[in-house]
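First the structure, in the form of structure tokens, and then the observations on it.
The values are calculated or read from the model by the stated rules, or taken from the named source; none is laboratory data. Bear in mind that the values here come from a model prediction, so they are computed numbers and not experimental data. Please note: Cβ atoms are built from the backbone with ideal geometry, for glycine as well, and neighbour counts cover all protein chains shown.
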Amino acid sequence: MEVSQEYLTKDKFAELEKELNHLKTVKRKEIADALEYAKSLGDLSENHEYQEARDSQAVLEDRINRLEKILKTASIVSTQNTNLVSVGSAIIVERESDKTNKSLTIVGSEEADAAKGLISTRSPLGQAALGKKKGDTFSFETPSGTMSYKIIDIK
């Protein structure tokens, strides 16, 4: 699996480092203890507790590997005043179809949360907005058709 560039704020980077440390120290030990207990129950072929602990171990190791890759390749971004939309920019956009305004922040995919207005650089809206300046309009395709927005402000 190819890891593409990930953009993180300092806070999100620290949060992911903390999660990784917790997974490596606390959660690994908990799962190792669960595996030992399950082994003590006997026949592993019909041991539900053992299979469940193995599944938990696999999920944990996948998350640890993902976090290590993200942290290794992440670029730390800071909010910057600029005339162009970039990672970390807080923008106000107006939807052309109904003239409604939305406040959005362009973030890396690990921080994206559309409900909070945190839009990933990998989303169609995020990709289309990058590099635009105040007053520019941009469009992108969605399953329900083409969406058009205008940049009202960049903070």
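The one condition from (1) within 18 Å of Thr121 (Cβ to Cβ); (2) in the same structural domain as Gly126 (by TED's automatic domain parsing) that Val85 does not meet is (2).
Among the criteria (1) modelled with pLDDT of 85 or more; (2) within 15 Å of the chain's Cα centre (by Cα); (3) in a loop (DSSP other than H, G, I, E, B), the one Leu71 does not fulfil is (3). Of the set (1) under 18 Å from the mean Cα position of the chain (by Cα); (2) surrounded by 11 or more Cβ atoms within 10 Å (Cβ to Cβ); (3) of a type in the set (S, T, N, Q), all apply to Thr82 but (1). Residue-level analysis places Glu94 outside the set of residues that are in a loop (DSSP other than H, G, I, E, B), within 30 Å of Met147 (Cβ to Cβ) and of a type in the set (Asp, Glu).
Quick one: which of Lys12, Lys27 is at pLDDT below 95 and surrounded by 14 or more Cβ atoms within 10 Å (Cβ to Cβ)?
Working: Lys27 fails: at pLDDT below 95.
Result of the check over Lys12, Lys27: Lys12.
Only one of Lys133, Lys72, Lys116 is assigned by TED's automatic domain parsing to the domain that holds Ala34 and loosely packed, with under 13 Cβ neighbours inside 10 Å; which?
Numbers: Lys133 fails: assigned by TED's automatic domain parsing to the domain that holds Ala34; Lys116 fails: assigned by TED's automatic domain parsing to the domain that holds Ala34.
Only one candidate qualifies: Lys72.
Would you say Glu46 is surrounded by 11 or more Cβ atoms within 10 Å (Cβ to Cβ) and among the charged types (D, E, K, R)? When the stated conditions are applied, Glu46 does not pass them. Of the residues making up the stretch 16-48, those that are more than 17 Å from Leu60 (Cα to Cα), assigned to a helix (DSSP H, G or I) and free of Cβ contacts under 8 Å to residues at least 12 places away in the same chain are Lys39, Ser40, Leu44, Ser45, Glu46, His48. Within the stretch 2-15, the residues that satisfy the criterion of being of a type outside the set (Phe, Trp, Tyr) and either in a strand (DSSP E or B) or over 15 Å from the mean Cα position of the chain (by Cα) (or both) are Glu2, Glu6, Leu8, Thr9.
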